[in-house]
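Here the structure is laid out as structure tokens; the discussion comes afterwards.
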Amino acid sequence: MSTLVECKGLSHSYGKKKALDDINLTIGSGRIVGLFGPNGSGKTTLIKILTGMIHDESCSVVICGNPVGERSKALVSYSPDRVVYNAGSKVSDLLDMYELMYEDFDKGTAEENLKKLNIEKEDYVGKLSKGNAEKIQILLTMSRKAALFILDEPFNGVDPVAKESIIKIMLGCVPEDSSLLISTHQIGDVEQVLDEAVFIKEGKILFHRSVEEIRSETGRSLSETYMEEFR
């Protein structure tokens, strides 16, 4: 397993408020990793740095051997915590947009998954249910040949059936040597598919461990462990 993401001594502040404090984190290839912590713990700041949305010269972050910048951005496929597409756009417009924006976008795979989800290319985004709009965003994000996929709250406000479909899309699309980082408060929805869990609190990594190790050593589920650590 090769190293895909490496953060060394990563800190970041907003004015006098320190959002991240000396973060050391390594993510290997071919892993599904959960990023967990309460609101204000630093999850969003970490994601923004990994995606290149926040640029800090002092940051020591490398993705596939590339410091965070233009080259690393091309290796990361990111879905934010809310649907960002224009309500007046058709699904077909989004497919065309992604094909123009990303050289690694696999339009054929995206179209196949649309059929499985019974979503038509001529549907307007604004007329889709919240669950289907979320599915489209995840589907497009996961239809790239990226090295690192980052999903921020992929189940935000969707029903259980939609969650199941989103998880199937996630697992079915991620390439074998790529990794998937999922940030969510709904730990129980992803626990069974995770290889590793990262708990972050007040800008510091509380721990980063194998989910299997957590279960075997504590006798608790990941959700129970989270409640114990953050209660």
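Relative to the longest principal axis of the Cα atoms of the chain, helix 130-142 runs at roughly 80 degrees.
Over the chain, what is the relative contact order in whole percent, taking alpha-carbon pairs under 8 Å and six or more residues apart?
Details: 418 pairs, mean separation 60.9, N = 231.
Relative contact order of the chain: 26 percent.
Pairing the Cα long axis of helix 160-173 with the longest principal axis of the chain, what angle in degrees results, from 0 to 90 and rounded to the nearest 10? Helix 160-173 sits roughly 80 degrees off the main axis of the chain.
Excluding residues on the same chain fewer than 8 positions from K127, give the lysines whose Cα lies under 18 Å from its Cα. In chain and number order, the partners are K90, K115, K135. Dividing the summed helix terms, -39500 (n - 2.57) for each DSSP H run of n ≥ 4, by the number of residues in the chain produces a 222 nm estimate of -10000 deg cm²/dmol to the nearest 500. Going by Cα centres, the range 156-231 and the range 128-146 are how many Å apart? Taking the Cα centre of the range 128-146 as reference, the centre of the range 156-231 is 19 Å away.
Given K17/K201; K73/K201; K116/K145; K168/K201; K107/K163, which pairs have Cα atoms separated by over 18 Å?
Values: K17/K201 14 Å; K73/K201 26 Å; K116/K145 20 Å; K168/K201 30 Å; K107/K163 23 Å.
The pairs that break the limit, which is 18 Å between Cα atoms, are K73/K201; K116/K145; K168/K201; K107/K163.
Taken about its Cα centre, the chain carries a charge dipole of about 500 debye when Lys and Arg each add +1 at the Cβ and Asp and Glu each add -1 at the Cβ. Starting from the 7 Å offset along Cα-to-Cβ, what nm value, one decimal, do you get for the label separation of K73 and L171? Going from the K73 label point to the L171 one covers 3.4 nm.
With the highest mean first, a sort of the peptides 139-151, 180-192 on other beta-carbon atoms found within 10 angstrom per residue produces 139-151, 180-192.
Enumerate by residue number the GluC sites (Glu not before Pro) in the range 1-92 meeting two conditions: DSSP loop (anything except H, G, I, E, B), and at most 13 other Cβ atoms within 10 Å of the site's Cβ.
Values: sites: E6, E57, E70; in loops: E57.
Within the range 1-92, the qualifying GluC sites (Glu not before Pro) (loop, at most 13 other Cβ atoms within 10 Å) are E57.
Relative to the longest principal axis of the Cα atoms of the chain, the long axis of helix 91-101 makes an angle of roughly 60 degrees.
FYI, it's all coordinate maths here, none of it is from the lab. Values in this document were obtained by computation on a predicted structure and should not be read as measured data. For neighbour counting, all protein chains shown are included, and Cβ atoms are generated from backbone atoms with ideal geometry for every residue, glycine included.
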